[in-house]
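Notes for the one structure printed next.
The values are calculated or read from the model by the stated rules, or taken from the named source; none is laboratory data. Quick caveat: nothing in here was measured; it's all calculated off a predicted structure. Using ideal geometry, Cβ is built from the backbone for each residue, glycine included, and neighbour counts are taken over all protein chains shown.
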Amino acid sequence: MTGDPGQRPACPREIRLLTFTVGGVALGVDADQVEGFLEPGQAVSAVPEGIPVYDFHEIVPFRGESSRTAAPWTLFVRHPETPYGVLIDRPEEIVPIPVDSLQPLPPLLASCYGRRGAFWGAWVREDAIILLVDFYRLGGGRNKMSGRSEAKR
């Protein structure tokens, strides 16, 4: 590669966003952070050996009551240090999103969940606001702010 060593790499024009729900809240994650899924009813033995699985609300605590689904999906995070699984209500779709359509977190949410937390922004869809999650910030399922790391396996 040639060019100015101080030059920043070109930013992508779009991100592939996997949308999903947890407790009725619409969320999204960069699809490149996701390795795969287990559907409800698939045997726990299908989880690869040594991969911990966490309830989403335990690694990303929301204020107020948490709700658990009776038949969660397991989303596997392709984490660079420690891969892990997260229980979600269900995946929705993978959609290409123009990067310039992404919004920063509103100040109220940023003060609670931003910076070192899992949420980093939002995408305003025609019928909903999708909060954007960065599973890489969670360090293998351990929320750096709350210190919780209770694996379900």
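Any idea how many residues of segment 19-61 are under 21 Å from ARG125 (Cα atoms), under 12 Å from the mean Cα position of the chain (by Cα) and part of a strand (DSSP E or B)?
9
Give all pairs with beta carbons closer than 7 Å in which a residue from segment 91-110 that is closer than 25 Å to TRP73 by Cβ meets a residue that is of a type in the set (Gly, Ala, Ser) and part of a helix (DSSP H, G or I); count only pairs at least 6 apart in sequence or on separate chains.
Within 7 Å, the pairs are ILE94/ALA31.
In this structure, does GLY64 turn out to be modelled with pLDDT of 80 or more and on the phi > 0 side of the Ramachandran plot? Steps first, please.
Numbers: modelled with pLDDT of 80 or more: no; on the phi > 0 side of the Ramachandran plot: yes.
Judged against the criteria, GLY64 is not a match.
When you check PRO98 against the structure, is it surrounded by fewer than 17 Cβ atoms within 10 Å (Cβ to Cβ) and modelled with pLDDT under 90, yes or no? Outline the logic, then answer.
Numbers: surrounded by fewer than 17 Cβ atoms within 10 Å (Cβ to Cβ): yes; modelled with pLDDT under 90: no.
In short, no.
State which residue is modelled with the lowest pLDDT when the search covers only segment 67-83 and only residues that are under 17 Å from VAL25 (Cα atoms) and among the hydroxyl-bearing types (Ser, Thr, Tyr). Write out each step before concluding.
Step one: list which residues in segment 67-83 are under 17 Å from VAL25 (Cα atoms), which gives 67-75.
Those left that are additionally among the hydroxyl-bearing types (Ser, Thr, Tyr): 67, 69, 74.
On the way: SER67: 60, THR69: 66, THR74: 92.
The selected residue is SER67.
Suppose we keep only residues that are in a loop (DSSP other than H, G, I, E, B) and of a type in the set (Gly, Ala, Ser) within segment 83-137. Which one would you say is farthest from ALA70 (Cα to Cα)?
My answer is GLY114.
Look at segment 30-55 and say how many of its residues are buried (at least 16 other Cβ atoms within 10 Å of the Cβ) and either over 23 Å from THR82 (Cβ atoms) or touching a helix residue (DSSP H, G or I) at 6+ places or on another chain (Cβ under 6 Å) (or both).
2
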